[in-house]
1. What ranking do 371-384, 133-146 get when scored by the average of other Cβ atoms within 10 Å per residue, highest first?
2. Label points 7 Å out from Cα along the Cβ direction at residue 493 and residue 567: separation in nm?
3. Which value at 222 nm does the chain reach when only helices count, each DSSP H run of 4 or more adding -39,500 (n - 2.57), with the total divided by all residues and rounded to the nearest 500 deg cm²/dmol?
4. What's the FRET efficiency of residue 242 with residue 66 using the Cβ-Cβ distance as r and R₀ = 35 Å, to the nearest 0.05?
5. Which lysines, on any chain, are close to residue 452 with Cα under 27 Å apart, when same-chain ones fewer than 8 places away are left out?
6. By how many nm would the segment from residue 557 to residue 431 grow when fully extended, if each residue of separation counts as 0.36 nm and the alpha-carbon distance is taken off?
7. Could you give the length gained by full extension between residue 268 and residue 179, i.e. 0.36 nm per residue of separation minus their alpha carbon distance, to one decimal place?
8. Of all the accessible heavy-atom surface of the range 413-572, with the other protein chains kept in place and a 1.4 Å probe, what percent is carbon and sulfur?
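The values are calculated or read from the model by the stated rules, or taken from the named source; none is laboratory data. A quick note: this is a predicted structure, and the numbers were derived from the prediction, not measured. With ideal geometry, Cβ positions are generated from the backbone for all residues, glycine too; neighbour counts draw on all protein chains shown. What goes into the accessible areas is simple: the full protein's heavy atoms, side chains included, and nothing from ligands, DNA or RNA. Shrake-Rupley method; radii C 1.70, N 1.55, O 1.52, S 1.80 Å.
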Amino acid sequence: MVGVAAVWRSSGSRRPTPAPAPVVQVREALAAAMPENARVPPRLSNPAAYLPAQCYAVTQDSPGGRTHNGCFACHQTPRAPNFIEDAEVQTVLSVARSAEENRWTNVLQPPPPVEMPEAELLAWVRSSNYVDERGGLRLAAALAHPPASWDGNGNGQWEGYTPDCWFQPDAEGFDHSPDGSLTGWRAFAYAPFPGMFWPTNGSAGDVFIRLPAAFRRDQAGRESRAVYRINLAILEAFIRQVDVPLPPTDERELGSDLDGDGVLGTARRVAFVWPPKPERPFGYVGQAAGLDRAREGWPAAGLYPRGTEFLHSLRYLDVDGEQVRMAARVKELRYMRKTRWRTYSDLQLAAEAEVREKMKHPDKLKTVLADAERGVGTGSGWLMQGFIEDASGELRPQNVEETTACIGCHGGVGATTDSTFSFARKLDPGSAFQGGWYHWGQRGLKGIPEPKRADGQGEYAHWLEQVGGGDDYRSNDEVQARFFRRDGTLAPDAVKALTKDISILLVPSPRRALLLDRASLALVKAQRFERGRDVVVGAPPKVKARLEQDGATGIIEPVLPGWVRPAETASR
């Protein structure tokens with residue numbers, strides 16, 4: 001398997017996992033669905049591929065009836081330096097005419113789930129398509145000599161990202177290659193974003209972050225885990241906009257006033273001070289202190305330095321008795337890298353220009369800038385690239401259209417922090433296991449408390465209440481039964497339990513996990529990801545076949561985002 005397996009639901013000590021049964025039959029079944037290996041120029045069959053399928057979810061049962069607002073999770077009042085103010089999308093569907101038709105037909109009519117014995121299914125999800133039998137990286141080996149269908153410019157070389165994470169984190173989350181050296185990747189735990197990103201809605205996921213080499217070296221250019229820890233703590237403080245604890249650290253040696261007390265002494269925290277104090281000697285440390293700030297960036301609230309990378313794997317679900325955990329088999333491997341430092345002013349001007357362009361040309365679609373090997377630009381300074389299962393179950397590079405689907409959320413919605421979601425949602429280092437620097441295989445979701453909104457409400461319970469279901473399409477009948485009463489209101493006992501343990505919501509039952517795996521395998525066999533890759537299991541999804549341009553959603557007032565504090569009153 002790929003490094004580690006996350007235990008999502010625990011019931012005492014885990015029994016040894018039996019050796020996987022042969023997977024030849026599964027592989028042959030998938031191979032039979034393999035399309036002709038022809039080299040086809042990238043094209044967009046869906047001109048609005050960046051508009052996610054969730055945007056076509058039904059928001060009102062009937063005219064004047066109950067509304068279902070999943071829109072607010074992404075489309076909301078932003079927090080600077082995000083200047084994409086799109087909260088009005090909750091109330092009015094401002095889409096181009098060519099985006100009115102719902103081309104995500106895999107949600108409307110998903111392919112039938114794959115039928116096979118449970119033992120074969122489990123053997124399949126437990127077999128790694130990332131690490132080969134000799135312990136090497138399968139995809140990296142394939143990219144060393146790319147087939148013609150992957151070689152976009154025909155030069156015989158792969159010029160995009162080549163996977164180099166081994167998914168072997170140590171007790172601090174740092175990834176190691178087989179020879180023991182650090183890869184620069186570091187795993188972190190986070191509160192999964194509400195909705196389709198929960199394991200109960202399809203996949204288990206993890207995220208690793210990596211900063212450029214200069215952030216991992218001391219001033220003499222030597223690799224330094226201590227320097228890297230501090231730089232990651234500085235980044236965390238300025239992305240999450242909170243103070244971050246440190247072990248006692250000599251600021252004089254680093255030349256940076258980490259704790260913001262105005263004296264270079266011993267720091268026990270990185271203080272989030274914003275706006276910055278001009279007289280404070282503060283910045284990234286080690287070799288990164290000497291970088292060109294105007295080009296590479298500096299500690300600014302809500303911004304990553306240039307060269308920051310993220311790696312995100314989506315996995316099948318493994319079942320062992322009553323335990324549901326992350327499987328070895330990878331569905332998708334998603335990668336993004338920040339290619340350009342943009343200041344607050346740059347970002348604000350770009351957002352304003354986009355608004356003006358949309359007002360002048362409401363039917364103009366987003367321009368997709370892409371390279372078949374390097375990936376798709378978000379338009380906000382990042383490059384995204386992805387790999388997905390082919391019909392035989394091996395990972396392959398996504399085509400341009402498949403990757404374009406990723407930039408809708410990462411390229412311009414009010415909910416992101418510098419075009420990203422997960423790191424701003426990292427678990428708090430003051431209370432989380434290993435300070436939040438761990439992979440889900442080292443500790444699962446069980447026992448993690450529900451994240452809170454600024455108004456004191458539980459974030460997940462609030463989302464459930466607004467949506468009226470366990471996913472955007474209200475097809476998750478298991479969550480419906482666990483958390484909702486007959487009248488559609490939330491069950492108080494379930495909400496109370498959720499505050500202490502998010503796994504009771506986010507982790508599916510073993511039965512549902514296997515159904516999700518079968519549905520995922522059906523999508524792989526079909527190889528029509530341009531029609532959608534969301535897994536739908538349960539009640540028929542409530543999805544529109546068409547949207548009405550500038551049509552009302554039925555939602556009267558936009559829901560405020562979780563970071564907005566309630567208005568001051570006489571009682572406060």
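1. The most tightly packed comes first, giving 371-384, 133-146.
2. If labels sit at residue 493 and residue 567, their model points lie 3.8 nm apart.
3. Result for the chain: -6500 deg cm²/dmol, rounded to the nearest 500.
4. Working: r = 37 Å, r/R0 = 1.05.
Calculated value: 0.45.
5. 426, 496, 500
6. 41.8 nm
7. On the way: separation 89, 0.36 × 89 = 32.04 nm, distance 3.32 nm.
Extra length available between residue 268 and residue 179 comes to 28.7 nm.
8. Using a 1.4 Å probe with all protein chains present, the range 413-572 comes out at 52 percent carbon and sulfur.
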